[in-house]
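Below is one structure; the comments refer to it alone.
Taken together, the values in this text are just the output of simple stated rules run on the coordinates, not laboratory data. Bear in mind the structure is a predicted one, so any value in this text is a computation, not a measurement. Every residue, glycine among them, receives a Cβ derived from its backbone with ideal geometry; neighbour counts consider all protein chains shown.
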Amino acid sequence: MEDDDFNSVSTKLLTLLNVSATRRDNKRRQNGDLEPPAKRLKLGGKRNAQFSADIVTSDISVKAGKSHIVKVTVAPTVDIDEMREDDADATDATDPFNEHFGTNTSMVSELVLNSLDTGKWNTRSRKLGSLGSFQESFLNNESLEDQPAAKVEDKLLAMFKSRLESLSDEMRILCTDFTKLLGTYKDVFISNRDGRKQQAFREAVTVHALNHVLRTRRRVLKNNDRLAHFDESKGSDPPSDVQDQGFTRPKVLFLLPLRNSALAWIQTLISNSPTTQTENHSRFISEYSLPNGVSDRLAENPENYPRDHVDTFKGNIDDNFRFGLKLTRKALKLFTEFYSSDMIVASPLGLKLLIEKDKAKSADFLSSIELLVMDQLDVMSMQNWEHVQFVLEHLNKLPNETRDSDFSRIKPWYLDGHAAKLRQTLLFSPYETPEMRALYNKSLTNVEGKLKTEQRFAGLLSHIPKGIQQTFTKFSSSSPIHEPDARFEYFTTQVMPALLKSAVRSVNTMIFVPSYFDYVRLRNHFKEADTISYTTLSEDASNSEIARARHQFFAGNKAFILMTERFHFYRRYRIRGFKNIIFYGLPEHGNYYEELLAMPFQDTEGMDGSDVSVQAIFCQYDFLRLERVVGTQDARKMIKSQEDVFTFV
């Protein structure tokens, strides 16, 4: 199997190399550029330099279990459009940037790769200043307590320090600590991000992304200059230590759910950018803000809505977008073509639609991503998690086309197929779901290690109106795969018959369903029964259907109302008329539990807690949801207990 994988990778690389050499040779013949150019004057300042048409032959070792030597014939072309800067720190082996992304990095040693392939991660708890406690996973036997952070460019650092002055003392410390953590190039999953901390995280991440691009481009420009100054007539060999690139130029990917999020991130990035100009900025503001004349009720009356709802949906909430950014010495250029961009900003849906247009070659621009930033994973999970998985499956793959790649400049670990093992991934969400945990465990393979926020929840029961009896009933499932079937069977055979027999709970009852697939299954069951009076509220309902359903339920014309979590996420309507609520599953957003239980008291005077009943069903795989509601300590006891019924008042 390993030989087959190696042969597949080698064949693909050899094909790319041959196509690259052929294209370059044909291009030279078409241009008639067969004669060596006249001797150049010394380069200085902003200048275009065309490298000699003489052929440079390089030996590239392709390592994928075996060692092969491939002769590559290329004629590199150099386009110097920026001032050359000193790169004295490029040889500092203690700098994580050089150690992690250097030409011959030791991070992907055979020992480390074997540990990664066999899943031999070591874990420990670690306290990181204002950031709190983390669970750290690492492959080597020793994890440095005080690992140095990558050097930040002086011009970036000066701008960053001035930006920090606008933050509160607490946020300034948080931002500083997080910047140091990012500089270690470990993967990080922040699962307790809230609106209060959001800007501090954005400041740190945008500075880190800019610094990564600036240092990467500076190294490329320095080597361009070295190659441009090489004089073959003196009989010296061309520089051989110029492997400084990936297959394609884009190095940073911001994966964001909505245009308003992209607006906030890029505005912060522009504020931290050392450039003096931003091209196409007015177009960006126009396309990523609300159109002129369109009112935003969330911005106008934020006090009428929960804060997290305002933070998520204020502004332009289109979820189909993508654009590139290019950083030059003087300007930050927006809306650049992907293959000439340094950063890509996109939604999962936007990238999926683009890639599906031409599956054979449209994802090549993702082949050399070295920094992946995914914010608001909670929103993405409410959109379509399959889009997220689709994008991740196309990251750091060998490209299908060479696209004028100079293989003599590509870092060996790119050719070896190890790009994903060196990519840094940053995840942000206000809570953790099983899907996010699976992403962290399986898709994050950074050999430098990874950290995940450790949390202990106090629960929400103390915030619930007094007197409400809350019953949690547990069912068992043999595996996560069979959990939906076990839940449906338990609900239809145990819970629903008891509801229909009760004079009180057979009317004015809301059934809250987190999963849309479970909702469709339950709705079809009710329809087939033909004896249950019900109506529905789901995310795909029209405004007229929603208004009719709410009226029918409030007027008592319908005994049950089925509502999905996505409906509450997008609409956040106040549902009137229910005195009983059944949680087919606990909500992913723990605060929804508190919100829903407060609704019966908001429009009815004299309502007592004893007039409202709550039942929530759960199984052993619902721990993450359960602990956000009842607290970590009680959740563990309930999962492990032999009892099946738990009551809180």
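For region 95-249, what is the Kirkwood hydrodynamic radius in Å, using each pair of distinct C-alpha atoms?
This gives a value of 18.3 Å.
Give me K421, K442, K452 ranked fewest to most by other Cβ atoms within 10 Å of their Cβ, as a rough exposure proxy.
Final ranking by Cβ density, sparse to dense: K442, K421, K452.
Region 120-179: which GluC sites (Glu not before Pro) are DSSP loop and have at most 12 other beta-carbon atoms within 10 angstrom?
In loop regions of region 120-179 (DSSP not H, G, I, E or B), the sparsely surrounded GluC sites (Glu not before Pro) are E142, E145, E165.
On a full-extension model of 0.36 nm per residue, what is the gain between N140 and T123, subtracting their alpha-carbon distance, rounded to one decimal in nm?
Additional length available on full extension: 5.1 nm.
What would the Debye equation give as log₁₀ I(q)/I(0) for region 461-648 at q = 0.11 Å⁻¹, counting only Cα atoms as equal point scatterers?
-0.46
Return the percentage of antiparallel bridges among DSSP beta bridges fully within region 461-648, rounded to the nearest 5 %.
Of the beta bridges lying entirely in region 461-648, close to 15 percent run antiparallel.
Express the relative contact order of region 486-584 as a whole percentage, based on alpha carbon pairs under 8 Å and six or more residues apart in sequence.
That works out to 42 percent.
As a quick test, which of the pairs K151/K442; K421/K442; K151/K186; K127/K155; K326/K352; K251/K314 have an alpha carbon distance above 20 angstrom in this structure?
The pairs that break the limit, which is 20 Å between Cα atoms, are K151/K442; K127/K155; K326/K352; K251/K314.
Nearest 20 debye, what's the magnitude of the dipole of region 461-648 about its Cα centre given +1 on Lys and Arg Cβ and -1 on Asp and Glu Cβ?
The calculation lands at about 200 debye.
Give the separation of the Cα centroids, region 312-337 to region 540-619, in Å.
Going from one Cα centre to the other spans 38 Å.
Using a Cα distance threshold of under 14 Å, what count of lysine pairs results for region 461-648 when pairs must be 8 or more residues apart or interchain?
Going through region 461-648 pair by pair, I get 4.
Could you state the orientation-averaged shadow area of the convex hull built on the Cα atoms of region 565-643, in nm² to one decimal?
If I average the Cα hull's projected area over directions, I get 5.8 nm².
Across the Cα atoms of region 229-371, what radius of gyration and what greatest pairwise Cα-Cα distance (Dmax) are found, in Å?
19.8, 77
Order these by the 10 Å Cβ neighbour count, fewest first: C175, C619.
By the 10 Å Cβ count, ascending, the order reads C619, C175.
Would you list Y584, Y490 from fewest to most Cβ contacts within 10 Å?
Result, fewest neighbours first: Y490, Y584.
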